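Input: a single structure, listed below in structure tokens.
The values are calculated or read from the model by the stated rules, or taken from the named source; none is laboratory data. Predicted model only: the values in this text are computed from it and were never measured. Virtual Cβ from ideal backbone geometry, glycine too; neighbours counted across all protein chains shown. In case anyone asks, the SASA skips ligands and DNA or RNA and just uses the protein heavy atoms, side chains included. Shrake-Rupley method; radii C 1.70, N 1.55, O 1.52, S 1.80 Å.
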Amino acid sequence: MILPPGVKQGEFDRALSEFAAVVGRDWVFSSDSDVAMYDDSFSPFSAEPELQRHASAAVAPDTVEQVQSIVRIANRYKAPLYAISTGRNLGYGGSAPVYSGSVVVDLKRMNRILEVNAVEGYMVVEPGVSFLDLRRYLDERNLPFMCSTPEPGWGSPVGNALDHGCSNVVGDNFGMVNGIEVVLPNGEVLRTGMGAVPTSKLWHNYRYGFGPVIDGMFSQSNFGIVTKAGFWLIRWPEVQQSFAATSAKHDDLHAMVEAIQRMREQGLIFMSGCASPIRQAMSTNNGHIAEDIPEVNRLLARRDGGSPAEWEKLGAERNIPVSSVFGTVRGPDVVAKAVLAHARDVFGKIPGVTVHDTPAYRFPLNVADIDENRKSGLGFPQLWAFSQPAVQGTSFGHYYFSPMMKATAADVFAVNDTMRNVMIDAGDLDMLYHFGFSGGIGFYPRAYMILLEVLIRDDAALNRKRRDLFVRLAQTCGANGWAEYRAPPAFQDTVMAQYSFNDHVLRRFHETVKDALDPNGIIAPGKSGIWPKSLRKT
């Protein structure tokens with residue numbers, strides 16, 4: 001057993017006894033074998049056990065009142081806490097604390113779906129509810145709503161949204177949050193927005209209330225422990241259908257991205273993105289299967305990344321598009337058909353561009369009729385996505401580098417060139433070939449994201465090299481204005497350091513709030529680079 005830093009064995013034993021008096025002895029975990037279950041199974045320090053972060057114990061409350069009591073006990077003993085919901089959060093730290101020695105507050109037992117309002121289209125859930133639980137609940141009651149699941153369905157709507165997670169159903173899951181309940185570091189319960197009105201009838205209908213809107217202060221932060229949240233739901237459409245537009249020309253991507261984004265701004269489609277299929281042909285990032293085109297890697301390994309003419313020639317030889325965009329429409333059948341006709345008209349005005357439709361999905365759906373790779377985008381949680389990295393060979397997991405950029409072809413090319421040259425400068429061509437080229441993923445309406453999957457190996461030196469590469473990528477992309485939206489615990493300080501305007505005033509603001517709300521620094525020290533006063537210099 002490791003101890004919380006600064007807490008003596010006798011004090012910790014008393015704290016564990018007090019936790020047990022609150023939740024029952026069966027729900028306090030302190031043996032080495034039990035606590036090891038909370039380690040990050042995808043840790044970037046897998047081959048360096050001395051660097052891994054470990055919990056000192058775990059406690060699993062069942063009610064809001066128990067969470068309050070746990071927080072008050074932790075304050076008495078100055079024992080740091082690290083709350084988790086459910087699922088594994090693989091690639092972003094798992095259930096391991098940012099600060100070694102923290103006591104994990106495991107909220108899996110708080111797994112109640114408290115309300116689904118089928119008329120007004122919202123739900124209220126606790127953190128232990130998973131997307132799989134939610135889908136089952138909706139199906140058993142024949143409720144006509146999509147489940148806004150990311151690809152791994154074992155996760156929590158609450159936990160995913162608070163960490164700014166995304167889905168192919170709505171994109172920004174935190175954007176669907178309307179009203180939360182949180183236990184503050186002093187043990188008090190706060191409800192945001194209209195929930196602060198004891199007789200409120202609008203807590204989950206109107207997100208603002210009166211005064212500052214503070215819901216976002218509890219996302220990616222350590223200012224409290226969220227114990228329930230309301231979400232707006234997406235009602236089944238009559239039909240959902242995707243389409244893609246492709247071209248053999250490099251420069252067409254600029255006009256194509258602008259066109260697809262205009263459709264999104266107009267509310268005609270709800271998802272969009274872009275790619276360069278020939279540049280991505282050898283990539284194995286995120287489970288892609290490489291083509292047999294060595295010339296792709298030779299061009300990407302050049303400092304200039306290959307000329308447009310060279311890519312167009314190679315694409316023509318292999319019959320693979322150089323440029324592509326995609327969008328998804330949902331709604332009444334007549335609307336979907338009209339939008340697809342409009343897309344063909346819009347892209348038909350760009351010479352050489354072809355529009356391709358995918359099959360239309362009509363609701364209600366039979367999940368057995370849906371391809372595995374399309375299920376999450378139609379609201380059906382699964383775990384299929386974690387089989388995909390297997391195409392890259394045996395590894396000990398992965399973590400993500402994920403910068404944000406404008407939804408323009410110019411930014412997509414610039415970010416890729418920047419990342420590629422960082423890899424060349426680092427002498428890491430294996431990583432370059434694995435990454436290749438990434439198009440823009442449009443979870444957000446006016447921003448694109450890149451997801452670079454960094455594999456973890458049983459090789460400490462290689463893992464250190466890749467961690468150094470991550471830092472170089474974060475610093476270089478940050479310096480060019482493309483900071484990350486999310487990061488594994490090992491890199492959260494690095495990512496927060498890129499938000500450095502006016503001598504890091506944003507971080508200093510977070511620290512001021514932290515000191516005011518949590519003077520003992522017990523809630524998730526270090527999360528998102530926010531450290532309590534006592535730990536900032538260490």
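Key figures
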quantity: When residues of the range 432-450 are limited to those that are of a type in the set (A, V, I, L, M) and within 14 Å of residue 274 (Cβ to Cβ), the one surrounded by the fewest Cβ atoms within 10 Å (Cβ to Cβ); calculated: 447
quantity: Test: residue in the range 493-503 that is of a type outside the set (Gly, Ala, Ser), more than 19 Å from residue 285 (Cα to Cα) and part of a loop (DSSP other than H, G, I, E, B); calculated: yes
quantity: Counted residues, the range 276-302 - those being under 19 Å from residue 424 (Cα atoms), part of a loop (DSSP other than H, G, I, E, B) and not hydrophobic (A, V, I, L, M, F, W, C); calculated: 5
quantity: Within the range 157-266, strands (runs of 3 or more DSSP E) holding 1 or more residues that are of a type in the set (S, T, N, Q); calculated: 177-183, 225-232, 239-247
quantity: Flag for residue 43 being of a type in the set (Gly, Ala, Ser) and out of contact with any Lys or Arg (no Cβ under 8 Å at 6 or more places or on another chain); calculated: no
quantity: Residue selected from the range 31-43 under the condition closer than 12 Å to residue 104 by Cα and in contact with a Phe, Trp or Tyr (Cβ under 9 Å, 6 or more places away or on another chain), by the criterion most open to solvent (accessible area, probe 1.4 Å); calculated: 37
quantity: Every pair of residues 6+ apart whose Cβ atoms lie under 6 Å, when the first sits in the range 280-301 and is in the same structural domain as residue 431 (by TED's automatic domain parsing) and closer than 23 Å to residue 152 by Cβ while the second is among the polar types (S, T, N, Q) and open to solvent by less than 60 Å² (accessible area, probe 1.4 Å); calculated: 284/392; 287/388
quantity: Subset tally (residues that are within 25 Å of residue 173 (Cβ to Cβ) and either surrounded by fewer than 16 Cβ atoms within 10 Å (Cβ to Cβ) or aromatic (Phe, Trp, Tyr) (or both)) for the range 482-508; calculated: 5
quantity: Tabulated pairs, the range 114-127, first free of Cβ contacts under 8 Å to residues at least 12 places away in the same chain, second open to solvent by 30 Å² or more (accessible area, probe 1.4 Å), C-beta under 6 angstrom, 6+ apart or interchain; calculated: none
quantity: Pair list, Cβ < 7 Å and 6+ apart or interchain, from the range 251-269 residues that are of a type in the set (Gly, Ala, Ser) to residues that are modelled with pLDDT of 95 or more; calculated: 255/350; 259/346; 259/347
quantity: Selection within the range 252-270 - touching a Ser or Thr at 6+ places or on another chain (Cβ under 8 Å) and either open to solvent by 10 Å² or more (accessible area, probe 1.4 Å) or of a type in the set (Val, Ile, Thr) (or both); calculated: 252, 254, 257, 258, 260, 264, 269, 270
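Residue by residue, here is whether (1) at pLDDT 95 or above; (2) crowded, with 23+ Cβ neighbours inside 10 Å; (3) of a type in the set (Lys, Arg) holds:
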| residue | (1), (2), (3) |
| --- | --- |
| 47 | no, no, no |
| 52 | no, no, no |
| 55 | yes, yes, no |
| 90 | no, no, no |
| 103 | yes, yes, no |
| 113 | yes, no, no |
| 121 | yes, no, no |
| 126 | yes, yes, no |
